[in-house]
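Student: My questions all concern the structure below.
The values are calculated or read from the model by the stated rules, or taken from the named source; none is laboratory data. Small disclaimer: the values here were computed from a predicted structure and weren't measured. Positions of Cβ are backbone-derived with ideal geometry, glycine not excepted, and every protein chain shown enters the neighbour counts. These accessible areas exclude ligands, DNA and RNA; they are computed on the full protein's heavy atoms, side chains included. Shrake-Rupley method; radii C 1.70, N 1.55, O 1.52, S 1.80 Å.
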Amino acid sequence: LPILVGDNMTVMGSLDSDGNVTVVLPTNFEAMEPVPLQFIVNNGFEPSSGMFAVSGYAHVDLCQQLECPSFLDSRGNKTLESVALTGEALRLTESPNLLFATIKESTRVLGAMNVITVRMHLNFELRVGASIEIQGLPNSGTSAVTGLTAVSDYEQILPNCSCPSTCATCAQVCETCTQATKLRIAQQFRVWNPELDESGMTVFGTPRIDSFQPDGRDIVGSWHPQIKNGVLNISVARRFAAGQDLVFGFALSNPMSAKRESRPTVSIMAGDIMVPNFAMDGGVLGSDRGAAFTFGSITEVLGVDGGVSTLRVVLEANCPLLSPQPPGMQISISGLRGFSTSFGEIFVYDVDRFDVTISAVAEWVSSADGNSGTLVLTGGTIQGGCSSLDSFDDCAQSDSGQTSSAWRKQFTFYLKRARGVPVPSTPTISARSAGLQFSPFSM
């Protein structure tokens, strides 16, 4: 039985069949100095009296660490009589239960990827191998999978690549998103949990990164859309103490046709403890609207006639825009009159505020007269969606520790300013992503 003595000394003690804990102290304690002991035992099935006592055997240093005659030294051996401990424990007055369980989603857009978060509070601990099963997630188009991928960053719930997939003049392969990487990402089912321990493990597994992408399918668990009206099963990989909120998230595709929201149940199986079919607070996977931009702005910074302009774009959508899910994400900003940049590849900056893996590449399509054009950005992820719900409190992102403004994503690019050509005030933006078509939006 591991026992913590003081703040940082752990020794091995023992627990016998009569419930007696024995430990040999690893260091000396002065008279009247507290002796803190901490250990973990599994609750039994019968309550105890709740009252405990302590006794012991001590050696008193009569010679104060000086050389001591044996006859005097032996007199320092003392038996400590049993003394009742204050407080009580192991009365076991409560049954194992979930105190609450909530479920939230990020978007109600038809066919969109939907980030779903779960928050639950248990009055018992989850041990390694405990199982969490969420039932009643119907109508999703997400394929069945066995073996789940652990992530600890909320932004990594959704697939994310930074290479162009449709640009005719751009490189088709880069280190952050090769075709092999795209295939690997497409086969993943990611589970987000921010509770990292000292070794870097979440409650469900250790996140792995390969070529800037989450990797591995190390979480014991599965997703089956055709079983129990859509069921997600996740196994616990490390101890999670009682009395805390457990928060985790995952993503499912919304139905392609209008559906009413589902109200799932959750079941917990932890050794001899089982909490079946606990009704969760909240509804998900109810789709009833199309994809749209809800905010878009473009600002020219340091624009000089005939020089190079810095253009800053801020976007928000009512659902996630994803890459590399086929046919990938493509954002087009048209009506950029007054710029004479040559046709071809340009780089996009501020990518840390645009959820791309490491860099982003765009294509500039110039007009026939060379004085205007369209920016086509392929790659990255915008985690939009909250605007399709009734309030931010109902949104999955409220469980992530971020604010509603985090949905707005920014990126920056540079264009050469044409001489003597005025810059229009109302460019338009349109997009397509994973089969969703966004109507043009005036910025």
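Student: When the accessible area of the chain is computed with all protein chains present and a 1.4 Å probe, what percentage of it is carbon and sulfur?
Tutor: Details: 11390 of 21990 Å².
Whole-percent figure for carbon plus sulfur exposure: 52.
Student: Can you give me the solvent accessible area of Met9 with a 1.4 Å probe, rounded to the nearest 10 Å²?
Tutor: Rounded to the nearest 10, the figure is 60 Å².
Student: Then there is this: Relative contact order for the chain: what percent, with Cα pairs under 8 Å and sequence separation of 6 or more? Intermediate results must be reported in sequence, preceding the final value.
Tutor: Numbers: 1132 pairs, mean separation 78.3, N = 443.
RCO, the chain: 18 percent.
Student: If you don't mind, there's one more thing I want to ask. Considering only C-alpha atoms, what is the centroid distance from region 204-276 to region 28-50, in Å?
Tutor: Result: 36 Å between the Cα centres.
Student: Any chance you could run the full-extension gain for Ser257 through Asn97? It's 0.36 nm times the residue separation minus the Cα-Cα distance, nm to one decimal.
Tutor: Numbers: separation 160, 0.36 × 160 = 57.60 nm, distance 3.67 nm.
Gain in length upon complete extension: 53.9 nm.
Student: Express in Å², to the nearest 10, the accessible area of Asp18 obtained by rolling a 1.4 Å probe over the protein heavy atoms while all chains stay in place.
Tutor: Accessible area, nearest 10 Å²: 130 Å².
Student: Length gain on complete extension for the stretch Glu30 to Thr426, per 0.36 nm per residue less the alpha carbon to alpha carbon distance?
Tutor: Values: separation 396, 0.36 × 396 = 142.56 nm, distance 7.86 nm.
Taking 0.36 nm per residue and subtracting the Cα distance, the gain is 134.7 nm.
Student: Further question on the same structure: If you take every residue apart from Met201 with its C-beta less than 13 Å away from the C-beta of Met201, what net charge results, scoring Lys and Arg +1 and Asp and Glu -1? The partial results should precede the final answer.
Tutor: On the way: positive: Arg208, Arg238, Arg239; negative: Glu195, Asp197, Glu198, Asp218.
Computed value for this residue: -1.
Student: What residues qualify as long-range amide H neighbours of Leu122, i.e. H under 5 Å apart, gap of 5 or more or another chain, H built at 1.01 Å from N?
Tutor: Amide H neighbours of Leu122, under 5 Å, 5+ apart: Leu99, Gly243, Gln244, Leu246.
Student: Right, another one. Taking a probe of 1.4 angstrom, what is the accessible area of Ser222 in Å², to the nearest 10?
Tutor: Probe radius 1.4 Å; accessible area of Ser222 about 20 Å².
Student: Mind checking the per residue accessible area of region 176-263 for me, 1.4 Å probe, whole number of Å²?
Tutor: Heavy-atom accessible area per residue stands at 47 Å².
Student: Be a star and scan region 88-123 for residues whose amide nitrogen sits under 18 Å from the point 7 Å along the Cα-to-Cβ vector of Gln244.
Tutor: Output list for this probe position: 97-102, 118-123.
Student: Looking at the chain, which longest stretch skips every one of the GluC sites (Glu not before Pro) that is in a DSSP loop with at most 12 other Cβ atoms within 10 Å, leaving the sites themselves out?
Tutor: Numbers: sites that count: Glu30, Glu67, Glu88, Glu94, Glu198.
In short, 199-443.
Student: Scan the chain and report its longest stretch carrying no trypsin sites (Lys or Arg not before Pro) that are both in a DSSP loop and have at most 15 other Cβ atoms within 10 Å.
Tutor: Numbers: sites that count: Arg91, Arg127, Arg239, Arg260, Arg419.
The longest uninterrupted stretch comes out as 261-418.
Student: What's the local net charge at Gly384, with K and R +1, D and E -1, over the other residues with C-beta under 9 Å away?
Tutor: Surrounding charge for Gly384 is +1.
Student: Further question on the same structure: With every protein chain kept in the model, how would you rank Ser211, Ser433, Ser82 by accessible area, 1.4 Å probe, largest at the top?
Tutor: On the way: Ser211 55, Ser433 0, Ser82 80 Å².
Order by accessible area, largest first: Ser82, Ser211, Ser433.
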